[in-house]
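Since the structure comes first, as structure tokens, the remarks are kept for the end.
Please treat every number below as a calculation from the coordinates, not as lab data. Please read all numbers here as calculations on a predicted model, not as lab measurements. Please note: Cβ atoms are built from the backbone with ideal geometry, for glycine as well, and neighbour counts cover all protein chains shown.
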Amino acid sequence: MPKVSEIMESMEYGPAPEDASAVRDWLRERGSFGHFIAGRFTRPGETFATRDPSTGEELAQVTQGTARDIAKAVRAARRAQRGWAAMPGHDRARFLYAIARTIQKRERFLSVLETLDNGKPIRESRDIDVPLVVRHFYHHAGWAELLESEFPGHLALGVCGQIIPWNFPLLMLAWKVAPALAAGNTVVLKPAEYTPLTALAFAEICAHVGLPAGVVNIVTGDGETGAALVQAPVDKIAFTGSTEVGRGIARALAGSGKRLTLELGGKSPFVVMEDADLDAAVEGVVDSIWFNQGQVCCAGSRILVAESVASRFETLLRARMEKLRLGAPLDKSTDVGAIVDPVQKARILSILDRATAAGAELVGGDAAPGCFIAPGYLRNIAPANPGMIEEIFGPIATLSTFRTPDEAVELANNTRYGLAASVWSESATVATDLAARIKAGVVWVNCANTFDAAAPFGGVRDSGYGREGGREGMLDYLSVPVSAPRETAPAGIIPAEGQAIDRTVKLYIGGAQKRPDGGTSYAAQDELIPLGNRKDIRNAVEAAQSALAKWQGLGGHGRAQVLYFLAENLAQARAEFAGYASVDEVDAVIRRCFFYAGFADKYDGATVSARPGHLCHVQPEPHGVMGLIAPNAAPLAGFMSLVLPAIAMGNAVVAIPAQDRPMAALTLAKVLACSDVPGGVVNIVTGPRDALATALAAHDGVSAIWHAGQGEGVAEVQRTAADTLIPVWTPGPRDWGDLHAQGREFLRAASRTKTIWLPYGA
Ligand code: NAI
């Protein structure tokens with residue numbers, strides 16, 4: 001025992017373990033766990049152990065879910081769904097409220113259980129994870145109550161399959177279950193194999209509050225169980241986990257018609273500008289990459305610091321890092337706990353080995369016996385070093401420098417991922433400029449890893465698509481039903497005789513009429529139509545990319561003016577469409593131009609009520625270059641129903657007109673050319689629809705695709721887009737001339753949100 005005077009000298013903490021006896025009693029009583037299906041626990045089947053990673057001690061046996069278990073759970077969820085959705089919103093709200101209340105009453109128990117199963121410090125599970133879980137259920141009790149008034153005309157999707165990771169087990173469950181239930185869906189949730197216990201405790205809470213049987217079903221197991229859930233007859237899959245598994249799920253779901261949201265990995269930049277408050281920024285690093293042992297998808301794992309302050313920043317960072325306490329997760333003064341599993345520890349160490357072998361220098365980051373790795377960072381690291389590119393998912397950052405704000409943005413965006421970013425500067429203009437230019441779903445200004453149920457969270461590019469939290473998150477669990485005749489599949493391509501080059505009808509790329517690369521045509525509508533190919537798609541995407549800055553620079557008001565002028569010119573050109581589109585169709589398109597001109601400066605963001613003391617702004621942003629595959633029906637109205645909302649939001653598009661009836665779109669090209677629509681904003685490539693659409697889905701420069709067709713063509717595009725992780729929206733068959741083919745649903749699909757956090761503070 002040290003003397004008091006010695007303690008006063010060193011200011012070392014003594015041990016302060018949290019009492020785990022209640023949790024241990026619970027585990028002993030339960031013994032081993034079955035699944036939670038139709039309101040009851042099943043008898044345990046073939047089981048596996050879940051362990052405390054800090055000691056290796058077995059905590060419980062849980063059941064490895066089979067495809068039959070999944071089928072049973074999905075049936076139970078299906079049986080329960082109609083009644084759950086039909087229940088008045090107020091009644092659903094009361095259940096969500098009861099869940100929130102009960103979790104609140106069991107906060108300590110759940111925090112200890114989470115820490116035992118996952119290895120995260122009790123300070124984090126107690127002060128961050130579980131309070132946020134509670135907040136999520138309260139917030140979504142509110143949405144259940146307000147569903148009818150706030151989302152008129154929207155319906156639940158049905159049964160949702162949800163697959164979650166092990167880094168925030170109960171919090172990820174809350175992010176998935178709360179909005180699904182609020183919207184009237186029922187769920188089958190598969191927790192991660194390393195950390196199933198809080199999900200099973202949550203099942204008991206569902207039973208305790210009397211949630212109708214089958215509304216929440218929990219099936220434990222590994223990736224195979226997850227894969228069985230993906231294959232099961234559910235209406236949506238919501239997945240959080242690795243990019244690799246996310247890609248596989250997107251591929252497996254291609255053509256199934258099931259909805260999909262993916263929250264995947266990240267390699268988020270943490271940018272420290274010259275004028276940053278360096279002490280605050282160092283604390284930001286602690287919250288960013290040394291929080292939860294760095295096992296955080298949005299961890300600020302790439303620290304980029306202005307060269308002029310880099311040395312002072314590193315000195316402060318190192319001093320702070322050395323003070324962090326690595327140790328027993330249940331100790332209340334532990335800062336860094338255990339890595340979730342030996343497999344993950346080995347994975348982290350292997351990346352570090354490769355990073356140092358490639359020349360980086362590791363500061364700290366020592367492996368300790370058991371599942372422990374001390375906090376650290378890699379310095380002198382080249383951009384192509386594996387430590388700079390791969391998601392380490394451990395308590396190790398990279399540290400590199402930049403000279404100018406432009407270089408900071410370039411380095412920040414030099415990644416396939418786009419989940420989050422943290423930006424540190426005392427200048428509002430500098431910070432907001434960076435927040436706007438960094439490609440990420442969430443940007444924290446002068447803060448890091450701040451979350452709230454009202455603040456949408458999710459990524460772009462290899463970090464996935466879809467949002468969780470707030471109004472946006474609710475919309476990912478709802479649909480707006482439309483009924484319309486089925487879409488017609490295009491007929492086969494009829495080669496034009498003699499492969500003549502058409503002299504009058506051409507592709508429209510970069511604001512100019514262009515001959516197709518292959519120099520060939522096909523026959524449609526008694527004309528020789530240019531037969532576009534992959535190269536034409538590439539040219540069109542490049543033209544669209546170069547048009548973006550100018551088009552976005554016009555702002556909503558500027559774009560509205562262009563759309564009004566387009567309407568005026570369409571009215572003048574009515575006669576030119578004769579034979580290609582009906583007068584009604586042309587008139588519908590003129591009205592649609594006015595509609596989206598009206599909306600161009602009105603599809604707003606919102607400052608949401610997240611945390612006190614924070615501005616939390618949710619901003620719709622254009623995707624960038626969009627690929628649009630027009631319906632075969634209604635060749636003008638269908639085409640323009642896609643083009644207009646996309647360009648109104650500031651995207652540039654590569655559009656593939658109806659294969660059998662492309663003349664309306666090609667006639668339109670002439671109107672576009674004289675309507676102040678800058679060259680490259682709308683590009684039109686005619687030819688074999690499915691091949692061209694697949695070329696778009698394979699192109700890295702395309703950020704979103706809308707496919708208005710059906711069948712195998714859509715499936716192929718979705719399979720291809722699974723690799724590039726380009727989101728594909730299928731508006732489905734519509735009456736393209738009527739009001740179902742326009743509105744907020746289209747504007748939402750033409751944009752994605754960026755959530756920007758800005759804490760107040762003088
Ligand atoms: P993972 O992606 O394999 O696991 C996440 C969840 O997906 C688990 O519930 C797992 O059982 C399930 N799963 C695995 N294979 C599946 C399949 N084929 N079909 C359906 N579900 C499947 O992640 P893992 O292997 O645990 O971790 C590997 C790396 O992934 C980490 O080191 C980290 O880089 C990244 N990761 C990222 C997360 C994030 O929050 N973005 C969370 C977990 C891991």
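Given the residues Ala421, Ala397, which is the only one that is small (Gly, Ala, Ser), within 16 Å of the ligand (Cβ to nearest atom) and closer than 18 Å to Ala610 by Cβ? Give the derivation first.
Numbers: Ala397 fails: closer than 18 Å to Ala610 by Cβ.
Going through Ala421, Ala397 in turn, the sole match is Ala421.
Show the residue pairs that are 6+ apart or on different chains and have beta-carbon atoms under 9 Å apart, the first residue being within the range 709-720 and in contact (Cβ under 8 Å) with a residue 24 or more places away in the chain and farther than 17 Å from Pro733 by Cβ, the second being acidic (Asp, Glu) and part of a helix (DSSP H, G or I).
Glu716/Asp690
Confirm whether Ser483 is farther than 18 Å from Pro635 by Cβ, touching a residue at least 40 places away in the same chain (Cβ under 8 Å) and of a type in the set (Gly, Ala, Ser). Give the steps one after another, and end with the answer.
Values: farther than 18 Å from Pro635 by Cβ: yes; touching a residue at least 40 places away in the same chain (Cβ under 8 Å): no; of a type in the set (Gly, Ala, Ser): yes.
No, not satisfied.
What residue, among those in the range 159-190 that are closer than 18 Å to Thr220 by Cβ and assigned to a loop (DSSP other than H, G, I, E, B), is farthest from the ligand (Cβ to nearest atom)?
Among them, the one singled out is Phe168.
Please go through the range 560-574 and give me each residue that is buried (at least 16 other Cβ atoms within 10 Å of the Cβ) and out of contact with any helix residue (DSSP H, G or I) (no Cβ under 6 Å at 6 or more places or on another chain), ordered by number.
Those that are buried (at least 16 other Cβ atoms within 10 Å of the Cβ) and out of contact with any helix residue (DSSP H, G or I) (no Cβ under 6 Å at 6 or more places or on another chain): Val562, Phe565.
May I ask you to say which residue of His154, His140 is in contact with a Pro (Cβ under 8 Å, 6 or more places away or on another chain), farther than 13 Å from Val215 by Cα, in contact (Cβ under 8 Å) with a residue 60 or more places away in the chain and away from the ligand (no atom under 16 Å from the Cβ)? Steps first, answer last, please.
Numbers: His154 fails: in contact with a Pro (Cβ under 8 Å, 6 or more places away or on another chain).
Criteria check complete, one pass: His140.
What do you reckon, is Leu566 closer than 24 Å to Ala648 by Cβ, touching a residue at least 60 places away in the same chain (Cβ under 8 Å) and either outside any helix (DSSP H, G or I) or more than 28 Å from the chain's Cα centre (by Cα) (or both)? Working first, answer last.
Values: closer than 24 Å to Ala648 by Cβ: yes; touching a residue at least 60 places away in the same chain (Cβ under 8 Å): yes; either outside any helix (DSSP H, G or I) or more than 28 Å from the chain's Cα centre (by Cα) (or both): yes.
Answer is yes for this residue.
Being more than 17 Å from the chain's Cα centre (by Cα) and not in a helix (DSSP H, G or I) is the filter here; which residues of the range 421-437 pass it? Reasoning before the result, please.
So the first thing to find is which residues in the range 421-437 are more than 17 Å from the chain's Cα centre (by Cα), and the list is 422-437.
If the condition is that a residue be more than 17 Å from the chain's Cα centre (by Cα) and not in a helix (DSSP H, G or I), then Ser422, Val423, Trp424, Ser425, Glu426, Ser427 are the ones that fit.
Could you list all residues from the range 266-283 that are in contact with a Gly (Cβ under 8 Å, 6 or more places away or on another chain) and either small (Gly, Ala, Ser) or within 11 Å of the ligand (Cβ to nearest atom) (or both)? Spell out how you get there, then give the answer.
Residues of the range 266-283 that are in contact with a Gly (Cβ under 8 Å, 6 or more places away or on another chain), as a first pass: 266, 268-270.
Answer for the range 266-283, where residues must be in contact with a Gly (Cβ under 8 Å, 6 or more places away or on another chain) and either small (Gly, Ala, Ser) or within 11 Å of the ligand (Cβ to nearest atom) (or both): Gly266, Ser268.
Is it true that Thr50 is of a type in the set (S, T, N, Q) and either in a loop (DSSP other than H, G, I, E, B) or under 28 Å from Pro369 (Cα atoms) (or both)?
On the way: of a type in the set (S, T, N, Q): yes; either in a loop (DSSP other than H, G, I, E, B) or under 28 Å from Pro369 (Cα atoms) (or both): yes.
Yes: the conditions hold for Thr50.
Give the residue, chosen from Gln231, Gln293, that is of a type in the set (S, T, N, Q) and near the ligand (Cβ under 10 Å from one of its atoms).
Details: Gln293 fails: near the ligand (Cβ under 10 Å from one of its atoms).
Answer to the selection: Gln231.
Quick one: is Ala213 within 14 Å of the ligand (Cβ to nearest atom) and either of a type in the set (S, T, N, Q) or out of contact with any Cys (no Cβ under 7 Å at 6 or more places or on another chain) (or both)? So that I can check it myself, show each step before the final result.
Values: within 14 Å of the ligand (Cβ to nearest atom): no; either of a type in the set (S, T, N, Q) or out of contact with any Cys (no Cβ under 7 Å at 6 or more places or on another chain) (or both): yes.
Here the answer is no, as Ala213 does not meet what is asked.
What residue, among those in the range 695-712 that are surrounded by 21 or more Cβ atoms within 10 Å (Cβ to Cβ) and in a helix (DSSP H, G or I), is farthest from the chain's Cα centre (by Cα)?
Looking at residues that are surrounded by 21 or more Cβ atoms within 10 Å (Cβ to Cβ) and in a helix (DSSP H, G or I), I get Ala695.
Determine which single condition Pro405 fails, assuming it passes every other condition in (1) buried (at least 17 other Cβ atoms within 10 Å of the Cβ); (2) over 30 Å from Gly761 (Cβ atoms).
Condition (2) is where Pro405 drops out.
So for the range 326-340 (the condition being under 27 Å from Gly459 (Cβ atoms) and in a helix (DSSP H, G or I)), does at least one residue qualify?
No - not one qualifying residue is present in the range 326-340.
Do we find a residue being within 16 Å of the ligand (Cβ to nearest atom) and either at positive phi or crowded, with 16+ Cβ neighbours inside 10 Å (or both) anywhere in the range 355-363?
The answer is yes; a qualifying residue exists.
Results for (1) buried (at least 22 other Cβ atoms within 10 Å of the Cβ); (2) more than 21 Å from Ala85 (Cα to Cα); (3) aliphatic (A, V, I, L, M), shown as yes or no for each residue.
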residue	(1), (2), (3)
Asn167	yes, yes, no
Ala180	yes, no, yes
Tyr194	no, yes, no
Gly214	yes, no, no
Val219	yes, yes, yes
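Might you check whether a residue that is in contact with a Lys or Arg (Cβ under 8 Å, 6 or more places away or on another chain) and closer than 17 Å to Ala704 by Cα occurs anywhere in the range 658-681?
no
Can you tell me which condition Ala440 does not meet? The list is (1) buried (at least 23 other Cβ atoms within 10 Å of the Cβ); (2) more than 16 Å from the ligand (Cβ to nearest atom); (3) in a loop (DSSP other than H, G, I, E, B); (4) of a type outside the set (Val, Ile, Thr), and all the others hold.
Answer for Ala440: the failing condition is (2).
Among (1) within 16 Å of the ligand (Cβ to nearest atom); (2) under 30 Å from Leu316 (Cα atoms), where does Thr240 come up short?
(2)
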